[in-house]
Amino acid sequence: MYTARQLLDALLMVSGNDAATALAAMVGGYRVAVQKMNFKAAQLGARNTRAGSPSGLDGPGWETLTSPHDLALIYRAALSYPIIAQIFRQPSAQFPDRGGYKTLTAQNKLLTRYPGDLAGKTGYTDLAGDTFVTVAQRDGRRLVVVLMKGDGPLWDQAVSLLDWGFAQPR
């Protein structure tokens, strides 16, 4: 049995889709979790988002849809929860396995490469292709970069967009 915190570490740091399924079970099951996800998205104003599964993966009859704008809204809201912000900022975490513990290492390469990076999450779905969302803060400004249908190194593209954004006048 895993704690919710351990499952959140696995979900947010290394895209543990099985962790999403286990978290869904904790809130009442697959359908209840998807319902809650869609309700929360609507509350946030994410009008172009429809969760089809707890993990965000798509499949026959249960496509997950979103937009870059909606992902930015969702990230802004997620980072208002201290535990989520803490998980996104940690480079590693211990996760129980059969032989004791293994180390989860954050997939967000900008965490150590980009000054001010606060959160980042890689992803992949059949509809969106390679994706990356990251949030960085400098001099009191917070920027979100959302890349979907990625082609090539998404880290470099995100850095270019963040650098460009921070160079713009307020």
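Just a few scattered comments:
- Residue identified as farther than 23 Å from SER53 by Cβ, touching a Phe, Trp or Tyr at 6+ places or on another chain (Cβ under 7 Å) and among the aromatic types (Phe, Trp, Tyr) among TYR114, TYR101: TYR101
- Condition check for LEU57: in contact with a strand residue (DSSP E or B) (Cβ under 7 Å, 6 or more places away or on another chain), assigned to a helix (DSSP H, G or I) and aliphatic (A, V, I, L, M): no
- Residue among ALA33, ALA20 that alone is assigned to a helix (DSSP H, G or I), touching a residue at least 12 places away in the same chain (Cβ under 8 Å), open to solvent by less than 70 Å² (accessible area, probe 1.4 Å) and within 19 Å of LYS121 (Cα to Cα): ALA20
- Filter result for ALA41 (touching a helix residue (DSSP H, G or I) at 6+ places or on another chain (Cβ under 9 Å) and either surrounded by fewer than 19 Cβ atoms within 10 Å (Cβ to Cβ) or closer than 30 Å to PHE166 by Cα (or both)): yes
- Failed item, numbered, when PRO60 is tested on (1) out of contact with any Ser or Thr (no Cβ under 8 Å at 6 or more places or on another chain); (2) modelled with pLDDT of 95 or more; (3) loosely packed, with under 13 Cβ neighbours inside 10 Å: (2)
The values are calculated or read from the model by the stated rules, or taken from the named source; none is laboratory data. Keep in mind it's a predicted model, so treat the numbers as computed, not measured. Here Cβ is always computed from backbone atoms with ideal geometry, including for glycine, and neighbour counts include all displayed protein chains. Remember, those area values only see protein heavy atoms, side chains included, never the ligands or the DNA or RNA. Shrake-Rupley method; radii C 1.70, N 1.55, O 1.52, S 1.80 Å.
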